[in-house]
Amino acid sequence: MEHATTSDLADLGPSATLIDVREVDEFTQGHVPWAVNIPLSELAGRFDEIPADGTVHLICQAGGRSARAAEFLDERGFETVNVDGGTSTWIAEGREVRPGS
């Protein structure tokens, strides 16, 4: 697992595969515009939905759940990057947030 800042993620933009591992209710309150929601609680049954080629960026509220998700995916051969500070930092920096699913 590598680490990136929210600024790094913003620089990559929608070209980055971004999985938000927060629960659905958290995700619908506001998320990075191009994020796909696969809650950590569902990851073991849904990781086949994540592209296996290329780097997968993972985000949650602050960085803890996404770090656990990255460890899980690393063990399965994925190349992962944990977004430090998570969605809370993204929002605090005044970046665009999209509500809904």
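The values are calculated or read from the model by the stated rules, or taken from the named source; none is laboratory data. Owing to the predicted nature of the structure, the values given are computational and were not obtained by experimental measurement. We place every Cβ from the backbone using ideal geometry, glycine too, and count neighbours over all the protein chains shown.
Here is the figure for region 37-61: residues that are surrounded by 15 or more Cβ atoms within 10 Å (Cβ to Cβ) and modelled with pLDDT of 95 or more total 12.
Residue by residue, here is whether (1) at pLDDT 95 or above; (2) at negative phi; (3) buried (at least 19 other Cβ atoms within 10 Å of the Cβ) holds:
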site: 9; (1), (2), (3): yes, yes, yes
site: 13; (1), (2), (3): yes, no, no
site: 21; (1), (2), (3): yes, yes, yes
site: 26; (1), (2), (3): yes, yes, no
site: 69; (1), (2), (3): yes, yes, yes
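The set of residues in region 29-61 that are part of a helix (DSSP H, G or I) and more than 22 Å from residue 92 (Cα to Cα) comprises 40, 41, 42, 43, 44, 45, 46, 47, 48, 49.
Among the residues of region 62-101, just one is in contact with a helix residue (DSSP H, G or I) (Cβ under 6 Å, 6 or more places away or on another chain), polar (S, T, N, Q) and in a helix (DSSP H, G or I), namely 89. Only a single criterion out of (1) touching a His at 6+ places or on another chain (Cβ under 8 Å); (2) without any contact (Cβ under 8 Å) to a residue 60 or more places away in the chain is not satisfied by residue 36, namely (1). Taking residues in region 13-28 that are closer than 18 Å to residue 69 by Cβ and among the hydrophobic types (A, V, I, L, M, F, W, C), and partners anywhere that are assigned to a loop (DSSP other than H, G, I, E, B) and modelled with pLDDT under 95, the pairs with Cβ atoms closer than 8 Å and at least 6 places apart or on different chains are 24/101; 27/101. Taking residue 24 as the residue in question, decide whether it is of a type in the set (A, V, I, L, M), over 15 Å from residue 89 (Cα atoms) and touching a Pro at 6+ places or on another chain (Cβ under 7 Å). For residue 24, the condition - of a type in the set (A, V, I, L, M), over 15 Å from residue 89 (Cα atoms) and touching a Pro at 6+ places or on another chain (Cβ under 7 Å) - is met.
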